[in-house]
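Structure in structure tokens, see below.
The values are calculated or read from the model by the stated rules, or taken from the named source; none is laboratory data. Quantities reported herein were computed from a predicted structural model and do not represent experimental measurements. Cβ coordinates were reconstructed from backbone atoms using ideal geometry, including for glycine residues, and neighbour counts include every protein chain displayed.
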Amino acid sequence: MSGPRRLWILGAVIVAGGLAMGWDQLVILGIAPMLVTLLPCLLMCGVMCLMNCKKDKKDESATKSEAVTQQAHAEGAPASSKETV
């Protein structure tokens with residue numbers, strides 16, 4: 001296991017451990033301040049990654065549809081009478 005999946009599993013284990021031990025134990029171990037500091041940042045990074053992935057898929061489908069449209073247009077027009085814009 002490598003990449004982002006490993007980080008997601010590590011984060012899930014930490015959160016599950018925190019819920020199992022309770023907030024008092026996290027404060028005693030000194031993990032609570034790190035969680036309070038890092039969780040909002042991690043959430044924002046996760047949201048941005050999801051937005052970028054969705055944008056990339058959207059751009060990819062748009063370029064494919066443009067290529068199909070251009071190909072259909074080129075095949076439909078005779079080669080000798082191409083219009084200049």
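Listed residues A67, A62, A16, A79; which is at pLDDT 65 or above and over 21 Å from R5 (Cα atoms)?
When all the criteria are applied, what remains is A67.
Restricting attention to segment 24-46, report how many residues are surrounded by 13 or more Cβ atoms within 10 Å (Cβ to Cβ) and of a type outside the set (A, V, I, L, M).
2
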